[in-house]
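S.K.: Here you go, one structure.
The values are calculated or read from the model by the stated rules, or taken from the named source; none is laboratory data. The model shown is predicted, which means the values in this text are computed figures rather than measured ones. Methodologically, a virtual Cβ is constructed for each residue, glycine included, from the backbone with ideal geometry; neighbour enumeration extends over all protein chains shown. Note: accessible area is taken over every heavy atom of the protein model, side chains too, but ligands, DNA and RNA are not part of it. Shrake-Rupley method; radii C 1.70, N 1.55, O 1.52, S 1.80 Å.
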Amino acid sequence: MDESKKLGSLVCVGTGLNLGGQITVLSKSYIELADVVFSLVPDAFALQWIESMNNDVRSLHRYYAQGEEVKSRRDTYQQMVEAILTEVRAGKRVVCALYGHPGVFACVSHIAIRRAREEGFEAKMEPGISAEACLWADVGIDPGQSGHQSFEASQFMFYCHTPDPATHLLLWQIAIAGEHTLTKFHTNSDCLQVLVEQLSEWYPLDHEVILYEAANLPIQSPRIERILLKELSQAKLTAITTLLIPPATPLKVNHKILAKLGISEALLG
C-alpha cells in the first residue's frame, strides 16, 4: 500500500435540517480539520456556513443537470462519488457534508464509503438529524405509541408493500411519486391520483393526512399542512415535502399471544 492510501480517508457527516443548530460537535470538527470538504446542501446560506469552517469547500450541485440538460441521477451520483474518491486517492482527509442525515435518502455517501473501503481507505459515516427526527418533534408524535412504517413514495407505488393503518405511515419524496426515469424532479396530478387510489385500499378518502417540511433556517417555521387524502393530487408539493398518514384504525389486540404470556388485556392500558 502506497503512502497516499495510508493517509487518504473519508468521513460523511450530516449538517442537520436547521442551519447551524443541528450539527454535532464531532461532525463540525471533521469539517474544520478536513483537507477537502464536498457539500450537498439546500441553499447558498448553508453553503456559506460550511465555507466559514473550511477554506476548501466544493459544492456537489454542479453535477446535477443544468438548464435544459436531461441527465439521469444515476450518472450524477456516480460523478459525485468519483470526485470524492479522487481526493481520497490523493491522500487527503476528505469530508462529505450532506443535508440532514448523511445516510438517509443519500446514496452518494453509501456508495462512496463502500468504494473507499474496497480500495483500502478508511471511511465512515457520522449520524445527523434527519427530516424524520424533526417531524416527530414538530408534529408532536411519539412513534413508539403505535409504531410507524416508512417508504420512499415511488417504491411504495412500484412494489407490493402493505401498510398497517393502525400505525403512522411516512411516504418520502412525495413530490416525485411515480417518477421512474430518474431525470425529473417533480411528479404530476395523474401520478398522485394513482397513489391516492392505491392508499384508499387502507385509508378512507376523507382521512386527514399531513404535508410536512422541516424548517431550514432558525427564522422559519416548519410546514405542517393538514389536508384530506382525496385532496393530495392537487396539493402544492416541493422537493422536501413528506407525507405523513396518521393511524386510521386502532391497534388490534393479539389475544393468542396474550394468552401464551398470561397477560390480561386490561393490563395493556
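S.K.: What is the one condition in (1) more than 26 Å from Gly20 (Cβ to Cβ); (2) at pLDDT 95 or above that His110 does not satisfy?
M.R.: Status for His110: all satisfied but (1).
S.K.: Quick check, is Asp190 within 27 Å of the chain's Cα centre (by Cα) and among the charged types (D, E, K, R)?
M.R.: Answer is yes for this residue.
S.K.: Same structure, new question: Take residues that are hydrophobic (A, V, I, L, M, F, W, C) and more than 18 Å from Leu217 (Cβ to Cβ) and tell me which of the helices (runs of 4 or more DSSP H) falling wholly in segment 1-65 contain 2 or more.
M.R.: Filter on segment 1-65 gives 25-33.
S.K.: It is to be established whether one or more residues within segment 80-95 are of a type in the set (Val, Ile, Thr) and farther than 16 Å from Val37 by Cα.
M.R.: Checked against the condition, which is being of a type in the set (Val, Ile, Thr) and farther than 16 Å from Val37 by Cα, segment 80-95 yields no hits at all.
S.K.: What's the number of the condition Leu205 fails, among (1) assigned to a helix (DSSP H, G or I); (2) within 19 Å of Thr162 (Cα to Cα); (3) open to solvent by 20 Å² or more (accessible area, probe 1.4 Å); (4) in contact with a helix residue (DSSP H, G or I) (Cβ under 7 Å, 6 or more places away or on another chain)?
M.R.: Here Leu205 clears every test but (1).
S.K.: So, in segment 66-94, of the ones that are in a loop (DSSP other than H, G, I, E, B) and either touching a Gly at 6+ places or on another chain (Cβ under 8 Å) or free of Cβ contacts under 8 Å to residues at least 24 places away in the same chain (or both), which residue ends up most open to solvent (accessible area, probe 1.4 Å)?
M.R.: Glu68
S.K.: Continuing with the same structure: What is the residue count in segment 113-130 for residues that are open to solvent by 30 Å² or more (accessible area, probe 1.4 Å) and within 19 Å of Ala214 (Cα to Cα)?
M.R.: 2
Yes or no, residue by residue, for (1) within 26 Å of Arg223 (Cα to Cα); (2) out of contact with any Asp or Glu (no Cβ under 6 Å at 6 or more places or on another chain):
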residue: Thr86; (1), (2): no, yes
residue: Val94; (1), (2): no, no
residue: Tyr99; (1), (2): yes, yes
residue: Ile113; (1), (2): no, yes
residue: Gly120; (1), (2): no, yes
residue: Glu132; (1), (2): yes, yes
residue: Asp138; (1), (2): yes, yes
residue: Asp142; (1), (2): yes, yes
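S.K.: Further question: What single numbered condition from (1) farther than 30 Å from Gly20 by Cα; (2) open to solvent by less than 30 Å² (accessible area, probe 1.4 Å) fails to hold for His168?
M.R.: Just one mismatch for His168, condition (1).
S.K.: Could you check segment 26-65 and list, in sequence order, the residues that are open to solvent by 30 Å² or more (accessible area, probe 1.4 Å) and of a type in the set (Ser, Thr, Tyr)?
M.R.: Answer for segment 26-65, where residues must be open to solvent by 30 Å² or more (accessible area, probe 1.4 Å) and of a type in the set (Ser, Thr, Tyr): Ser29, Tyr30, Ser52, Ser59, Tyr63, Tyr64.
S.K.: If the Cβ limit is 7 Å and pairs must be 6+ apart or interchain, which residue in segment 189-206 that is more than 16 Å from Gln234 (Cα to Cα) and modelled with pLDDT of 95 or more pairs with which residue that is buried (at least 16 other Cβ atoms within 10 Å of the Cβ) and not hydrophobic (A, V, I, L, M, F, W, C)?
M.R.: Trp202/Pro163; Trp202/Pro165; Tyr203/Pro165
S.K.: Need pairs with beta-carbon distance below 6 Å; first residue under 7 Å from Ala153 (Cα atoms) and within segment 169-184, second buried (at least 20 other Cβ atoms within 10 Å of the Cβ) and at pLDDT below 90; sequence gap 6+ or separate chains.
M.R.: Ala177/Thr187
S.K.: Of everything in segment 133-155 that's free of Cβ contacts under 8 Å to residues at least 60 places away in the same chain and within 23 Å of Ile111 (Cα to Cα), which residue is least open to solvent (accessible area, probe 1.4 Å)?
M.R.: If we take residues in segment 133-155 being free of Cβ contacts under 8 Å to residues at least 60 places away in the same chain and within 23 Å of Ile111 (Cα to Cα), then Ser154 is least open to solvent (accessible area, probe 1.4 Å).
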